[in-house]
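Worksheet for the structure shown next.
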């Protein structure tokens, strides 16, 4: 659905975009934490060590709120400066939700690949085929 061409100028406010930015901050935290766990797993650290690392991964609430508030203000200013109308908010929601779904799918696939590799290691080696004699 195209955006209407003759829109009255309505400025973005930080509160208009704050919920979307808060979702992006949460997604960024999740990606950062996931990369730490992935690296620890790739290094074949013991599960107990990885579990201990995961306990300390979460970002504190206060810096997350400050970051989200600041990004909301900067984003609103940028959207206003570039002329993006407020009616585009649903499009931004869709983009953010799509990004979250894609990241979730990538995490599921990474877990699946790991589980498949572990499963394959536990399978007995296939028996060697006897050589066929050619006439």
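The values are calculated or read from the model by the stated rules, or taken from the named source; none is laboratory data. Being a predicted model, the structure only gives us computed values, none of them experimental. Glycine gets a Cβ as well: all are built from the backbone with ideal geometry, and neighbour counts include every protein chain shown.
Brief remarks follow.
- Yes/no for residue 67 being at pLDDT 90 or above, under 21 Å from residue 12 (Cβ atoms), surrounded by 10 or more Cβ atoms within 10 Å (Cβ to Cβ) and touching a helix residue (DSSP H, G or I) at 6+ places or on another chain (Cβ under 9 Å): yes
Let's see how each residue does on (1) surrounded by fewer than 10 Cβ atoms within 10 Å (Cβ to Cβ); (2) within 16 Å of the chain's Cα centre (by Cα); (3) farther than 21 Å from residue 14 by Cβ:
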residue: 77; (1), (2), (3): no, no, no
residue: 85; (1), (2), (3): no, no, no
residue: 91; (1), (2), (3): no, no, no
residue: 109; (1), (2), (3): no, yes, yes
residue: 128; (1), (2), (3): yes, no, yes
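- Set side by side, the residues 100, 122, 105 differ, and just one is touching a residue at least 60 places away in the same chain (Cβ under 8 Å) and over 21 Å from residue 10 (Cβ atoms), which is 100.
- Of the numbered criteria (1) modelled with pLDDT under 90; (2) in contact with a helix residue (DSSP H, G or I) (Cβ under 6 Å, 6 or more places away or on another chain); (3) part of a loop (DSSP other than H, G, I, E, B), the one residue 57 fails is (1).
Condition check ((1) part of a helix (DSSP H, G or I); (2) out of contact with any strand residue (DSSP E or B) (no Cβ under 6 Å at 6 or more places or on another chain); (3) under 30 Å from residue 22 (Cβ atoms)) across all residues:
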residue: 96; (1), (2), (3): yes, yes, yes
residue: 100; (1), (2), (3): yes, yes, yes
residue: 106; (1), (2), (3): yes, yes, yes
residue: 110; (1), (2), (3): yes, yes, yes
residue: 116; (1), (2), (3): yes, yes, no
residue: 121; (1), (2), (3): yes, yes, no
residue: 124; (1), (2), (3): no, yes, no
residue: 127; (1), (2), (3): no, yes, no
residue: 131; (1), (2), (3): no, yes, no
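- Meets criteria (in a helix (DSSP H, G or I), on the phi < 0 side of the Ramachandran plot and surrounded by 14 or more Cβ atoms within 10 Å (Cβ to Cβ)) for residue 45: no
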